[in-house]
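Enquirer: Pasting a structure here, questions to come.
What follows draws every value from the coordinates through simple rules; no lab data is involved. These figures come from a predicted structure and were not determined experimentally. Neighbour counts run over all protein chains shown; Cβ positions are idealised from the backbone, glycine included.
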Amino acid sequence: MMRKFLLSTMAAAFVAAATPALAAEKAELEHHNWSFQGVFGQYDKAQLRRGFQVFREICSNCHSMKLVAYRNLSALGFTEDEIKAIAAEKQVTDGPNDQGDMFQRPAKPSDHIVPPFPNDQAARVANNGALPPDLSLMTKAREGGPDYVYAILTGFVDAPAGFKVNDGMYYNQAFPGHQIAMPPPISDEAVTYADGTKATKEQIATDAAAFLNWAAEPELDTRHSLGLKVLGFLLVLTAMLYALKRKIWANVH
Amino acid sequence: MSGSQFNNKVIQWFDDRLPIFSMLQHSAVEYPTPRNLNYWWNFGSLAGLMLVIMILSGIFLAMAYTPNEALAFNSVERIMRDVNYGWLLRYMHMNGASFFFVCVYIHIFRGLYYGSYKAPREVLWWLGLVIYLTMMGTAFMGYCLPWGQLSFWGTTVITNLFSAIPVVGDAITTWLWGGFSVANPTLNRFFALHYLLPFVIFALVFLHVVALHTTKSNNPLGIDVKGPQDTIPFHPYYTIKDLFGIGVLLMVYLGVVFFLPNFFVEPTNYIPANPMVTPPHIVPEWYFLPFYAILRSVPDKLGGVIAMFGAIVIFFFLPWIDRSKVRSAKFRPIYKQLFWIFALVCVVLGYIGSQPPEGSMVPLGRVFSVAYFAFFPLLWLISKVEKPKPLPQSIAAPVLKGASVGHAAQPMEKA
C-alpha cells in the first residue's frame, strides 16, 4: 500500500516533467554520448576549445552570446594573455570620456562577448528579416539540449518531394516546421582546427554543441564534483542516523 | 507550561522570566506522541524543513535579484554565473519548490487516508489547507520572477482568470496587474508578495503546530490515545526518526539539484519573456496541473474558475462530508478503495493538465473532473453505509502484540 502511494506520487511528478518531451512535435533526436553526461560527467576542455573556435569563426558572424564574458574563457584553458588577445579583436563603445564623447576601444576580458550587430533590428536587416537567436542559453532553452543543436547543425537535407520551401528559407529535418532561415552553417573542413583534429561536418557540429552547452551551464563541472561529495556525505550520515534510530527504538518495538 | 526544573542556574533564571526552555521541554522533548506513527508521519516535519530551506535560499537570492522587466532575466543568469555558488542557491530554490509540494501533497494524502481531518482536528486541518493555498500563491508569484517566456505567459493566463468575475472582472484584473497587461508593475508587486508570503506561511505553520500539540497527533490506527502506555516522548524517538527522514529527503532533493537541476522546468522558460511571441504550449508547474485540468474541462470561463477553486475549498468541509466515526482507512474497507481511486484520479488529472487540450484529452478531462468531485458525495453516502472492521482496544495492544501482554494489561493511569 505504501509503495503504491509512493509510486503514484512519483508518477505524478514524472508525468508532469515528461510533458514537454511529448508536447512538441518534432523528429526523434539522435542521442550522443557527451563527455559531460551522467554523475561523473565533465567537460572535455580540448573539445570546448575546438567548439569555441567554431563559434568564433562561424556562429559569431550572426549570433550573439551576450551572457558570456571573455574572462569566462579561462575555464576552457585559455591563458590571460590569450583571452586579452581574443577580446581585443572586437571594438566596443565606451564612455562618455572627460570631453563628454563616446569612444571606441578594444574589448577587455571583463566585457561580455561582443554581438555581431548593434541591435535586433540591424540583425534582422542583415539576415533577411530573421533574428539569429542569442546562443548563451541555447542548450537549456531547447528540448534535447546539445542533441538538438547537433541535429539542427547536421539537419540540412534536400526537401522531400512536394514540400514547398519559401524564398530565403532552408529545409532542416530537425527544426519544428522544417523551414529555417539559417543557411547551412557548416560543412567538412569549414574550420581548420588549431589542435589538428580532422574537421568533418559531424566533428564540427559535436564540438559546437558541446561549447554551447558550456556557455549555458558553465557551472556543470563544479556542480557534478561537488554533488558527488555532498551525496557521499549524506549517504554515510543517513546510514548512521538509521543505525541510531534502530538502536533508540529497539526497546519500543 | 511552567514547572520544568533545570539544573543549569542561568537557564532556570531565564526560564522563570520567559519560559522558552519550558516550552521546548514541553513540546519538543516530553511531548507525548503515539508510539505507532509510521514513516508517512515524517512528511510534516520534512515540509517544515523545505520551508526553512526555501526562506533561507530565497533571502540570499533576493540580495542579487532585480525585479525589473528589463533586468530580471539577466539578473537570474548573473546569479547563475557570477554570484559565488549562486547556481547552487538558485537550483536549490527552484527545485525546493517542487520538493516542498511533494512533501505537502504526501502530508495531505496521509491526513486523508488516516482521517486526520476528523474531530477534534478540524481546525488543524483548516490551517493546513490555508498553508497549502498560501503556498500555491507564493509558488505562482515566484514562477513569475525569472521573467522567462512561461513566467510571463503563465502569469498572463492565470491572472486573466479573474476577468471571469461578472461586471468587475476586468477592473480587478487591471488592478492586479497595475496596468493593462502583465508588465513591470506586476513583476514588482509579485516580488514584494513573494518575499512576504513565506513569513505568513511560517506564522501559519506555527499555529498549525500549536493546534497539533493541543489535539495531539493522530496515528495509523486512528483511535484515541488511552494512556501513557500508548505514547512515547517526542525526544529521542521522533527526533531521530525525523532526522533519518531528513537524510533520505536531502539525498533525493540534492541529487536532483546537483545532477538533474532542470528536471521540473520547461526549456521555454530559458527564453526571455516576450509579450509579442506566445509560446505554442503554456503549462503551469506540475503541482498545479490537476487544477489546471479541471479549469479547462468546464466549457464556461467563470464556471471553470469556480470549479478550480471549488476543488480546493471543498476540502474545508471534509470533516462534515465524511460522517464516519472511524478515522483510519485501515478499518474502512469501502473508504480505502475510494481513497485510492481518488488519488489515481488526481494523478490522471495531472497528466491531462499537462497535455494540450485537444482530441481525447477534452472528454477525458471532463470525465475525470466529474470523478474528482464525485469523491465527496460518494464519501458522504458510504460513510454512513460502510460497516467498519472492529477497532483495536488501544494503540499499545496491537503494537505490543502477545509478547508483552503484561505491559498492555497494566491499569490505565489517565484514561
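Enquirer: Using a 7 Å offset from the Cα along the Cα-to-Cβ direction at both B:Q5 and A:D94, what is the distance between the two label points in nm, to one decimal?
Expert: For the pair B:Q5/A:D94, the computed spacing is 7.6 nm.
Enquirer: Let me ask another. Around B:L349, with a cut-off of 14 angstrom between Cβ atoms, what is the net charge of the other residues, counting Lys and Arg +1 and Asp and Glu -1?
Expert: Once positives and negatives cancel, what remains is +2.
Enquirer: Placing +1 at every Lys and Arg Cβ and -1 at every Asp and Glu Cβ, with all other atoms neutral, what dipole size does chain B have around its Cα centre, in debye to the nearest 20?
Expert: Values: 27 positive and 18 negative charges, 270 e Å.
For chain B, the charge dipole is close to 1300 debye.
Enquirer: Bins of 10 Å, beginning at zero and ending with the bin holding the largest distance: percent of Cα pairs per bin for the protein assembly as shown, please.
Expert: In order of increasing distance, the bins hold 3, 12, 21, 22, 18, 12, 7, 3, 1, 0 percent.
Enquirer: Here's a follow-up. Can you tell me the Rg and Dmax of chain B, counting just the alpha carbons, in angstroms?
Expert: Rg and Dmax of chain B, Cα atoms, are 24.0, 76 Å.
Enquirer: What are the principal axis extents of the Cα atoms in chain A, in Å, biggest first?
Expert: Extents along the principal axes, in whole Å: 81, 60, 42.
Enquirer: Quick one: which residues, 5 or more positions from A:V92 or on another chain, have an amide H under 5 Å from its amide H? H modelled 1.01 Å from N in the peptide plane, none for Pro or chain starts.
Expert: Hits under the 5 Å cutoff: A:R105, A:A107.
Enquirer: Shifting gears a bit: Read phi for every residue in region B:207-216 and hand back ³J(HN,Hα) as whole Hz from Karplus 6.51 cos²θ - 1.76 cosθ + 1.60, θ = phi - 60°, with x for Gly and Pro.
Expert: So the Karplus estimates, Gly and Pro as x, are 5, 4, 6, 4, 4, 5, 6, 7, 8, 6 Hz.
Enquirer: Counting alpha carbon pairs within less than 8 Å and at least 6 residues apart, what relative contact order, in whole percent, applies to chain B? Could you put the intermediate results ahead of the total?
Expert: Values: 485 pairs, mean separation 91.9, N = 415.
Contact order relative to length: 22 percent.
Enquirer: Give me the Kirkwood hydrodynamic radius of region A:34-145, using the inverse of the mean 1/r over all pairs of distinct Cα atoms, in Å to one decimal. Walk me through the intermediate numbers first.
Expert: Details: mean 1/r = 0.0631 Å⁻¹.
The Cα-based Kirkwood calculation yields 15.9 Å.
Enquirer: Let me ask something else about it. Quick one: 3J(HN,Hα) in Hz for region B:22-27, Karplus 6.51/-1.76/1.60 with θ = phi - 60°, rounded, Gly and Pro as x.
Expert: 4, 5, 4, 4, 6, 10
Enquirer: To continue, here is another question. Kindly provide the pair-distance distribution of region B:1-154 built from C-alpha pairs, with 10 Å bins from 0 and whole-percent values in order of increasing distance.
Expert: All Cα pairs considered, the percentages come to 9, 27, 24, 22, 14, 3, 0.
Enquirer: Sticking with this one: Using modelled amide H (1.01 Å from N, peptide plane; none on Pro or chain starts), what sits under 5 Å from the amide H of B:T33, excluding residues fewer than 5 places away?
Expert: Counting only residues 5 or more places away or on other chains, the set is B:I232, B:F234.
Enquirer: Over region B:248-330, with a single point scatterer placed on each C-alpha, what log10 of the ratio I(q)/I(0) does the Debye formula yield at q = 0.11, 0.13, 0.16 1/Å?
Expert: -0.60, -0.77, -0.94
Enquirer: Going down the table (A:K66/A:K164; B:K216/B:K389; B:K241/B:K389; A:K247/B:K336; B:K9/B:K226), which pairs top 26 Å between alpha carbons? Write out the running numbers ahead of the final one.
Expert: Numbers: A:K66/A:K164 35 Å; B:K216/B:K389 24 Å; B:K241/B:K389 30 Å; A:K247/B:K336 34 Å; B:K9/B:K226 37 Å.
Over 26 Å Cα-Cα: A:K66/A:K164; B:K241/B:K389; A:K247/B:K336; B:K9/B:K226.
Enquirer: If you stretched the chain out fully between B:L302 and B:V209, how much longer would it get, using 0.36 nm times the residue separation minus the C-alpha to C-alpha distance? If you can, show how the numbers build up before the last one.
Expert: Numbers: separation 93, 0.36 × 93 = 33.48 nm, distance 3.63 nm.
Additional length available on full extension: 29.8 nm.
Enquirer: For region A:79-191, place one equal point scatterer on every Cα, skip the solvent, and apply the Debye formula. What is log10 of I(q)/I(0) at q = 0.09, 0.11, 0.14, 0.21 Å⁻¹?
Expert: Results for region A:79-191 at q = 0.09, 0.11, 0.14, 0.21 Å⁻¹ read -0.39, -0.56, -0.82, -1.26.
Enquirer: Sticking with the crude label model, points 7 Å out along Cα→Cβ, report the distance from B:V252 to A:E202 in nm, one decimal please.
Expert: Taking the simple label geometry, B:V252 and A:E202 are separated by 4.1 nm.
Enquirer: Taking chain B as a Gaussian network, where each spring joins two C-alpha atoms under 10 Å apart, which residue of B:F14, B:F376, B:F60 fluctuates the most?
Expert: Its mean-square fluctuation being the largest, the pick is B:F14.
Enquirer: Can you give the net charge of the other residues whose Cβ lies under 15 Å from the Cβ of A:P218, counting K and R as +1 and D and E as -1? Don't skip to the end; give the middle numbers.
Expert: Values: positive: A:K45, A:R49, A:K66, A:R71, A:K140, A:R223, B:R78, B:R81, B:R90; negative: A:D44, A:E217, A:E219, A:D221, B:E77, B:D82.
Spelling it out: positives minus negatives among the neighbours equals +3.
Enquirer: I've got another one for you. Applying a 10 Å radius around every beta-carbon, put B:330-337, A:230-237, A:49-56 in order of their mean neighbour count, most first.
Expert: Going from most to least packed, we get A:49-56, B:330-337, A:230-237.
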